[in-house]
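Participant: One structure coming up, written as C-alpha cells, with questions to follow.
The values are calculated or read from the model by the stated rules, or taken from the named source; none is laboratory data. Just so we're clear, the structure is a prediction, and the values are computed from it rather than from any experiment. We place every Cβ from the backbone using ideal geometry, glycine too, and count neighbours over all the protein chains shown. Accessible surface areas use protein heavy atoms only, side chains included; no ligands, DNA or RNA. Shrake-Rupley method; radii C 1.70, N 1.55, O 1.52, S 1.80 Å.
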Amino acid sequence: METQTLVVGAGVVGLATAAALARRGRSVLIVERELAIGTGVSSRSSEVVHAGLYYAPGSLKARLCVRGNALLYTYAESRGVGHRRVGKLIVAANELQRRDALPALRRRAEANGVPGVRALSRADARALEPEVECAGALLSESSGIVDSHALMLALLADAERDGATLALGAEVVGAGVARGGRLAVRLRVRRAGGRERARSEGGPADSPDAVDHAEPPIALECAEVVNCTGLSAVRLGAALGHTVNADGADGDGGAGGGGTAAAGACAQLVGTFARGCYFALRGRAPFSHLVYPLPAADLAGLGVHATVDLGGRVRFGPDAEWLGERGVPLVHPDDDPHTFAVDPARADAFYAAIRSYWPALPDDALVPDYAGVRPKLSRQGEPAADFWIARDSAARPQLWHLAGIESPGLTSCLAIGDEVAARVTGGVEPRRAWHE
C-alpha cells in the first residue's frame with residue numbers, strides 16, 4: 001500500500017492541508033484515528049473568525065490569520081458554508097485600559113495589516129450594544145463566526161474532488177525508512193467497538209467492556225508525512241522519533257518562520273495544554289456583535305467573551321486552566337476522561353468576568369456547555385508561542401510537523417494549508433484558487 005503524501009489528522013487544519021496539497025497535484029491519503037472527522041480541537045472552539053488583532057507582527061499567527069480571514073469569507077461564500085461577519089467589540093473595563101491598552105492593541109492591528117479597526121467612545125460602543133458597559137472599545141469589522149463542521153465537510157469534498165482519500169479509524173503507530181528514502185508508516189486500523197459505543201451513549205470510554213476492535217498494523221509507503229494531529233502533534237512526533245530543527249537552518253523554523261526559541265541547533269519539541277470551559281446563556285441574546293474583554297498578557301486565552309452562533313444562541317468562554325507546569329509530567333487530554341467535563345462550580349468566576357462588561361447578567365442564567373483544550377508550545381506566564389510548522393531533523397526530512405496550532409487555527413486554516421503545501425512541494429502553484 002502506498003501514496004505520495006500522508007496527512008495525519010482530519011481536523012480543519014489537516015483537511016485544509018490535504019486539500020491544498022491535492023490542488024497542487026499531490027496524491028494524498030488522509031488518516032484519522034477517530035471514526036469521524038473534526039472530533040478534536042476543531043469541534044470545541046468558539047467558531048470565531050478572527051481578524052488578526054492580537055498576534056506579534058511578523059509571526060505566522062499574524063500573517064496567516066489576516067490572510068486566512070480574507071480567504072475564509074470568500075471560500076465560505078463560494079461553498080455555501082454558514083458564516084456571518086458580525087464584527088467584534090473589544091472593551092476596556094476602565095479608563096486606564098481605554099487610555100493605554102486599547103491604543104496599543106490598535107497599533108498592533110495596524111502593524112499586522114488588519115482592516116476595519118476603529119476606536120469607539122463609551123457612547124459609541126453603547127450605541128452599537130446598549131447592554132455593554134465599558135470605558136471605550138475597539139470595533140473589529142472583519143471578525144465574525146463560521147459553521148466549523150460545514151467548513152470541514154466542504155474541505156473534505158474539495159480534497160476528494162482533487163483525488164485525496166480519507167481513511168477513518170486509522171492511527172499512525174510508527175515509521176521507518178523504506179526503499180529509495182521513502183517512509184514506511186505503520187497504521188493500526190480499528191473499527192467501532194465498545195469505546196465508540198460507550199462514547200455515543202454517554203458512558204465512560206475506559207470501562208472494562210469499552211474496547212475497540214483493532215486490526216493488525218498495516219504498512220504504508222509514502223514520500224512524506226504531514227503531522228496535523230492537533231493535541232497529539234507533539235506526542236506523534238515523539239513516537240516517530242523526531243527532533244525538530246529549531247534554529248531555522250533549513251528555512252522552515254526559527255524566528256519569523258514559525259519556530260520557537262530554543263538553544264542549540266536542535267531541540268526536542270515539548271508541548272503543554274490549556275483547557276477552557278464554556279457556559280451557555282438561558283434566554284435571548286443580549287448582543288448582536290461578539291464582545292471581548294482585553295486579553296491576558298500571555299494570551300493563554302482571549303478572556304471570557306460572548307459569542308452569538310448562527311442559530312442566535314449565546315455562549316461565554318473560554319476560561320483558561322493550564323494542565324501542566326514546567327517539569328511536571330502531563331496527562332494527555334485524550335487519556336483523562338474528565339478533561340472535557342464542565343464543573344458547574346466554575347460558573348461563579350464566569351459571572352464575575354461577564355459582569356465586568358454586562359452588569360445586567362441575571363443570576364442563574366448560565367448553564368454548563370462544553371470544554372476544549374488548546375495545544376500550547378509555551379508555559380504558563382511565558383509569552384505566547386507562534387504556530388510551529390517545521391520539517392523534521394535531517395535524518396527524516398520527509399516528516400513535517402504542525403504543532404501549537406491553537407487559535408487562530410480555524411480562521412487561518414486555508415492560509416496554513418497553502419503555507420504547508422508550498423513548503424512540501426517546493427513552491428508548486430495550485431491548479432485553482434480556493435473559491436473556484
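Participant: Mind counting the residues in the range 74-95 that are surrounded by fewer than 19 Cβ atoms within 10 Å (Cβ to Cβ), closer than 30 Å to HIS435 by Cβ and touching a Ser or Thr at 6+ places or on another chain (Cβ under 9 Å)?
Facilitator: 3
Participant: Please determine whether any residue of the range 385-395 is among the polar types (S, T, N, Q) and modelled with pLDDT of 90 or more.
Facilitator: Scanning the range 385-395, I find no residue that is among the polar types (S, T, N, Q) and modelled with pLDDT of 90 or more, so the answer is no.
Participant: Out of the residues in the range 1-27 that are farther than 22 Å from GLU436 by Cβ and polar (S, T, N, Q), which is surrounded by the most Cβ atoms within 10 Å (Cβ to Cβ)?
Facilitator: The selected residue is THR3.
Participant: Being under 15 Å from GLY68 (Cβ atoms), surrounded by 22 or more Cβ atoms within 10 Å (Cβ to Cβ) and not hydroxyl-bearing (Ser, Thr, Tyr) is the filter here; which residues of the range 125-150 pass it?
Facilitator: Answer for the range 125-150, where residues must be under 15 Å from GLY68 (Cβ atoms), surrounded by 22 or more Cβ atoms within 10 Å (Cβ to Cβ) and not hydroxyl-bearing (Ser, Thr, Tyr): GLY144, VAL146.
Participant: Test ALA415 against the stated conditions and say whether it is surrounded by 23 or more Cβ atoms within 10 Å (Cβ to Cβ) and not β-branched (Val, Ile, Thr).
Facilitator: Judged against the criteria, ALA415 is a match.
Participant: Are any residues in the range 299-333 modelled with pLDDT under 75 and within 17 Å of the chain's Cα centre (by Cα), and if so, which ones? Working first, answer last.
Facilitator: Residues of the range 299-333 that are modelled with pLDDT under 75, as a first pass: 299-301, 324-331.
LEU299, ALA300, GLY301 - these are the residues of the range 299-333 that are modelled with pLDDT under 75 and within 17 Å of the chain's Cα centre (by Cα).
Participant: Taking ILE30, is it assigned to a strand (DSSP E or B), open to solvent by less than 10 Å² (accessible area, probe 1.4 Å), in contact (Cβ under 8 Å) with a residue 40 or more places away in the chain and more than 13 Å from LEU156 (Cβ to Cβ)? Break it down stepwise before answering.
Facilitator: On the way: assigned to a strand (DSSP E or B): yes; open to solvent by less than 10 Å² (accessible area, probe 1.4 Å): yes; in contact (Cβ under 8 Å) with a residue 40 or more places away in the chain: yes; more than 13 Å from LEU156 (Cβ to Cβ): no.
No, not satisfied.
Participant: Which fully enclosed strands (runs of 3 or more DSSP E) of the range 338-436 have 1 or more residues being under 21 Å from ILE145 (Cβ atoms) and of a type in the set (Gly, Ala, Ser)?
Facilitator: 366-376
For (1) under 17 Å from ILE405 (Cα atoms); (2) at pLDDT 60 or above; (3) over 26 Å from the mean Cα position of the chain (by Cα), each residue gets a yes or a no:
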position	(1), (2), (3)
ASP212	no, no, yes
GLU215	no, yes, yes
ILE218	no, yes, yes
THR229	yes, yes, no
ARG235	yes, yes, no
HIS242	no, no, no
ALA246	yes, no, no
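Participant: Of the residues LEU53, LEU60, LEU35, which single one is buried (at least 24 other Cβ atoms within 10 Å of the Cβ) and either at pLDDT 95 or above or among the aliphatic types (A, V, I, L, M) (or both)?
Facilitator: LEU53
Participant: Identify, please: which residue in the range 358-384 is touching a strand residue (DSSP E or B) at 6+ places or on another chain (Cβ under 7 Å), among the aliphatic types (A, V, I, L, M) and open to solvent by less than 20 Å² (accessible area, probe 1.4 Å) and is, among those, farthest from VAL314 (Cα to Cα)?
Facilitator: This residue is VAL373.
Participant: Of the residues ARG98, ARG107, which is crowded, with 18+ Cβ neighbours inside 10 Å, part of a helix (DSSP H, G or I) and among the charged types (D, E, K, R)? Don't jump to the end; show me each part of the working.
Facilitator: Values: ARG107 fails: crowded, with 18+ Cβ neighbours inside 10 Å.
Criteria check complete, one pass: ARG98.
Participant: Which condition does PRO208 not pass, out of (1) exposed (fewer than 15 other Cβ atoms within 10 Å of the Cβ); (2) modelled with pLDDT of 70 or more, if it passes all the others?
Facilitator: Of everything listed in (1) exposed (fewer than 15 other Cβ atoms within 10 Å of the Cβ); (2) modelled with pLDDT of 70 or more, PRO208 misses just condition (2).
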